[in-house]
Amino acid sequence: MKCSLEQEKIIYLLKIMSNQLSPKFERCTGISSSRYDLLYQLYITDEVTQSNLQKAIHIDGAAITRHLKQLEVDGMVARRRNPEDQRVTFVRLTDEGRSHIVNYNEERRSFVQQMLQGFNDEELVSLTDMLNRMHDNLKDL
């Protein structure tokens, strides 16, 4: 199937938006989207193994280790070894990390509202449906 001009525009816009999303998210919220995802996952799961956290937020092992080391230095997460298996590390939010993620959630909500300004509820449902279908199609490639 040949790509139409509209299909070319869609892929171009998605690429441009993808390139802009992370830096603008970080500028508006004060935290990278990867760190936000990591902290939010800890916020909703309480304590989790580092490997399960890595899988939940879809980043590689080296990246999760770098993020966690810095967040630990900043006092936002605590890590501990499993006494029964020293290869396993548990991670949890500290009280300071918990208060930060609450603030980051507010900043994130504001960012999303600004990004989707002017869309009505029906358009948001339709956009969500279309993006989900595109995501599913990508899985099949």
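Just so it is clear, none of the values below were taken in a lab; they were calculated from the coordinates. If you're wondering where the values come from, they're calculated on a predicted model, not measured in any experiment. Neighbour counts are summed over all protein chains in view; Cβ atoms, including those assigned to glycine, are modelled from backbone coordinates with ideal geometry.
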Summing +1 per Lys or Arg and -1 per Asp or Glu among the other residues with Cβ less than 15 Å from ALA56's Cβ gives -1
Calculated from DSSP helices alone, with each H run of at least 4 adding -39500 (n - 2.57) and the total divided by the residues of the chain, [θ]222 nm to the nearest 500 comes to -23500 deg cm²/dmol
Amide H proximity to THR94 below 5 Å, modelled H, separation 5+ or other chain, gives VAL77, ALA78
TYR104 neighbourhood, Cβ < 12 Å, K/R = +1, D/E = -1, net charge 0
When VAL88, VAL48, VAL102 are ranked with the fewest other C-beta atoms within 10 Å first, the list becomes VAL102, VAL88, VAL48
Extension length gain for GLU72 and ALA56 (0.36 nm per residue less Cα distance), in nm, is 3.8 nm
Put in order of increasing Cβ neighbours within 10 Å, starting from the fewest, VAL77, VAL112 give VAL112, VAL77
FRET efficiency for LEU141 and ARG98 from the Cβ-Cβ distance with R0 = 30 Å, rounded to 0.05, comes out at 0.15
Dividing the alpha-carbon radius of gyration of the stretch 5-48 by 2.2 N^0.38 Å, where N counts its residues, gives 1.62
Along principal axes, largest first, the alpha-carbon spread of the chain in whole Å comes out as 58, 33, 24
Expressed as a whole-number percentage, the relative contact order of the chain with C-alpha contacts under 8 angstrom and at least six residues apart is 22
At the level of C-alpha centres, the distance separating the stretch 2-24 and the stretch 76-137, in angstrom, is 23
Pairs over 29 Å Cα to Cα, from LYS2/LYS24; LYS9/LYS69; LYS2/LYS55; LYS2/LYS139; LYS15/LYS139; LYS24/LYS55, come to LYS2/LYS24; LYS9/LYS69; LYS2/LYS55
Rounded to 0.05, the calculated FRET efficiency for the beta carbons of VAL125 and LEU13 at R₀ = 25 Å is 0.80
